[in-house]
Amino acid sequence: MQRARNQETTDGIRRLSDELAHLGWYHSIELPDGQVIPGLQTLDQLRERIARYPIPQDLTGKRVLDIGAWDGWFSFEMERRGASVVALDSARQETFFEARRLLNSKVEYVVDDICRVNPRDLGYFDIVLFFGVLYHLKHPLLALEKICEMTTDLACIESLVIDDPPSNAIPMMEFYEGTELAGQFDNWVGPNTSCMLAFCRTAGFVRVELGEVVDYRAHAVAYRKWPEIQRSGPAPELVCVENTWTRDHNFSSSRDDYFTAWFNTAWSNSTEMNLHPDNVFIQVGPYAARPVGVRNIGGIGWQANCKLPPGLSRGWQALKISTGTSNWSNHLRIPVDLSREERRSLHDPIAADLEIVGATDGKTFELNRVRTGVQSCVSAWVAGLPEAAINSTVASRFDVSLRLDGADLPAVYVSSPDSKGFRQVNAMLPPRLQPGEYLLSVSAAGVESPPVPIQLIT
C-alpha cells in the first residue's frame with residue numbers, strides 16, 4: 001500500500017494524534033509502586049519493540065544514547081539494566097522530566113539536533129537507540145554518520161519504510177516536500193528497506209542485520225566491529241595505504257575521508273582469490289571498515305577502497321586486513337588528525353645502530369632525492385637491520401617498514417647484505433605527495449632508526 005498521499009494513512013495518524021493529545025503521554029510509564037501512567041504505547045508494545053534487539057539484560061558499565069527519547073521509557077529501561085544513559089531530543093519534553101522525577105532516575109537529558117552533535121559534546125556510547133526518528137530528518141544519512149561516530153559497538157535502528165514486506169529492490173527513497181506523508185510536515189523521507197540498510201553501511205557501520213518489518217517499520221542492528229571468528233591460514237600482505245582523494249598520508253576525522261589499501265594475496269588460500277567487499281575485512285584502530293569496492297590490479301595484487309571509520313581518536317591508528325578467514329596481515333599505521341610536526345615527533349624507540357645511509361627512487365639514483373608520481377617508490381640502504389626482522393614470523397614477508405614523516409611504507413623488498421653489510425629496502429610511495437623535505441626512517445622489530453632528511457621532487 002502506498003503510504004504517502006494516502007487518505008487512509010492520514011486519517012489513521014490523525015486518530016492516533018487525537019488519542020495522544022487526550023492521554024498526554026506517548027510512552028506508558030510504570031512507577032515504583034506498580035501504578036502505570038497510560039500512554040499511547042502500552043508497556044507490552046514497548047517491551048516488544050526493545051525485545052527485537054540483542055541488548056543484554058545486564059548493561060553495567062555500558063553507556064547508552066537514546067535519540068528521540070520522548071517520554072523516556074527506553075532511556076529508563078536501559079538505566080534499569082545498569083547503563084549510564086543520555087536521552088537526546090530535539091525539543092524539551094516535560095513528560096520526560098515528570099517521569100524522571102517519579103522514577104528517581106539519573107538519566108541525563110540533552111536538547112539538540114542529532115545532525116549537530118558529536119563525541120566532543122556527548123562522548124562515545126556502547127549502544128545507541130534510534131527509534132522512529134530517521135524519516136523525520138531532512139538529512140538522514142548525515143544523522144546516521146553522526147550516530148556511527150558516537151557508537152563503539154552497535155546501534156539499534158527502527159524506521160518507517162515504504163515497502164512491507166521488504167523487497168530486493170534497488171535502494172531508493174521518497175522525499176516529502178510538504179505534508180504528503182500522513183498529513184505531517186515533519187515527515188521528510190520514506191526509504192525502502194534496502195535504502196535504509198545501505199544508508200547504515202554508507203555511514204560507516206560494517207555489518208547491518210535486518211530483523212522484522214512490522215506495519216511498515218523496519219528493525220535493524222548496525223555494528224561497528226567484525227564478528228569474532230577463528231582465523232587461520234596464510235595472511236595477505238599490505239603494500240601501501242593512502243587517502244583516496246588526496247593520494248597522500250593526510251587523514252582527518254572531520255572530513256568524509258576514504259582510504260585505498262593495496263595488498264597482495266600471494267600468501268592467502270587460492271580459494272579466497274575471488275575477493276569482493278563481503279570477504280575482505282579491514283580494521284583501523286578499534287573499528288572495522290567495510291570496503292565499498294575491491295578489484296584485482298593484476299596477478300596477486302588487489303585494491304580496496306574504504307570509508308575512514310568515524311569516531312577514530314587523534315593519533316596513529318593501526319590498519320590491517322584479512323581475506324576470508326585468513327590470519328590478519330602486517331599492521332600499517334596511518335596518522336589521523338596529526339600535524340606534520342606531530343607525525344615527525346612520534347616514533348618507536350630509537351636504535352643507534354640502525355641507520356639509513358642513503359635513499360633514492362631506484363630509477364635516477366640521485367642520493368636522498370626521490371621522484372614522486374604514479375608507481376613511484378623509495379629505495380633505502382640500511383645498516384644494522386635486525387635479522388629477526390628479515391626472518392619474520394609476523395603476517396608479512398618482512399617485519400620492516402620505511403617511515404616517511406612517521407607514516408608506514410611497508411617493505412616490498414629487502415635485499416641480502418652487500419659487501420658493506422647494507423641491505424636495500426624498497427617501499428611504494430603514494431603518488432601525490434607534495435614536493436619538499438621529508439624525514440625518512442626505517443622501523444624494524446619494534447625499533448626505529450634516527451630519521452634522515454630526503455627531498456621529494458616531481
- Å² of accessible area per residue within the chain, as computed with a 1.4 Å probe and no ligands counted: 45 Å²
- Query: How would you classify the stretch 261-365 from its alpha-carbon gyration tensor, with a ≥ b ≥ c the square roots of the eigenvalues: rounded for a/c under 1.5, else prolate if a/b is greater than b/c, otherwise oblate?
  - Reply: oblate
- Task: Could you point to the residue in Ser159, Ala289, Ala261 farthest towards the positive end of the chain's charge dipole, with +1 and -1 charges on the Cβ of Lys/Arg and Asp/Glu respectively?
- Result: Ala261
- For the stretch 144-298, with only Lys/Arg (+1) and Asp/Glu (-1) charged at the beta-carbon, what is the dipole magnitude about the Cα centre, in debye rounded to 20? 660 debye
- Query: At what distance in nm do the modelled label points of Ser17 and Asp33 sit from each other, each positioned 7 Å from its Cα along Cα→Cβ?
  - Reply: 3.6 nm
- Query: If you bin the C-alpha pair distances of the chain every 10 Å from 0, what whole percents do you get?
  - Reply: 4, 18, 24, 20, 14, 11, 6, 2, 0, 0
- Item | Descending Cα extents along the principal axes, the stretch 314-446, whole Å | 41, 34, 30
- Task: Using only protein heavy atoms and a 1.4 Å probe, report how much of Glu158 is accessible, in Å² to the nearest 10.
- Result: 10 Å²
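Which whole-number percent gives the relative contact order of the chain, counting Cα pairs below 8 Å spaced six or more residues apart?
On the way: 1073 pairs, mean separation 45.2, N = 458.
Value for the chain: 10 percent.
Taking R0 as 41 Å, what FRET efficiency do you get between His139 and Ser232 from their Cβ-Cβ distance, rounded to the nearest 0.05?
Using R0 = 41 Å, I get an efficiency of 0.40.
Based on Cβ point charges of +1 for Lys and Arg and -1 for Asp and Glu, what charge dipole magnitude is obtained for the chain about its Cα centre, in debye rounded to the nearest 20?
1200 debye
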- Task: Measure out, as a whole number of angstrom, how far apart the alpha-carbon centroids of the stretch 318-340 and the stretch 407-433 sit.
- Result: 19 Å
- Query: Counting pairs on different chains as well as pairs 8 or more places apart, how many Lys pairs in the chain have Cα atoms under 23 Å apart?
  - Reply: 11
- For n ≥ 4 DSSP H runs only, could you compute -39500 (n - 2.57) per run for the chain, divide by its residues and tell me the 222 nm figure to the nearest 500? -5000 deg cm²/dmol
- Over the stretch 2-128, with a single point scatterer placed on each C-alpha, what log10 of the ratio I(q)/I(0) does the Debye formula yield at q = 0.15, 0.17, 0.19, 0.21 1/Å? -0.78, -0.97, -1.14, -1.29
- Task: Using the charge dipole of the chain (Lys, Arg: +1 at Cβ; Asp, Glu: -1 at Cβ; taken about the Cα centre), state which of Ala218, Ile454, Ile29 has its Cα farthest towards the positive end.
- Result: Ile454
- Note on the structure: Candidate span helices, the chain: DSSP H, at least 15 Å along axis from Cα coords, Kyte-Doolittle average at least 0.5, result 140-150, 193-203
- Item | Two-site label geometry, Gln45 and Arg369: point separation in nm, points 7 Å out along Cα→Cβ | 7.6 nm
- May I ask you to rank Asp337, Asp361, Asp33 by accessible area, largest first, using a 1.4 Å probe over the protein chains only? Asp33, Asp337, Asp361
- Query: Lys/Arg Cβ at +1, Asp/Glu Cβ at -1, dipole of the chain taken about the Cα centre: which of Ala383, Leu59, Val111 is farthest positive-ward?
  - Reply: Ala383
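The values are calculated or read from the model by the stated rules, or taken from the named source; none is laboratory data. Since this is a predicted model, take the numbers as computed values, not measurements. Here Cβ is always computed from backbone atoms with ideal geometry, including for glycine, and neighbour counts include all displayed protein chains. What goes into the accessible areas is simple: the full protein's heavy atoms, side chains included, and nothing from ligands, DNA or RNA. Shrake-Rupley method; radii C 1.70, N 1.55, O 1.52, S 1.80 Å.
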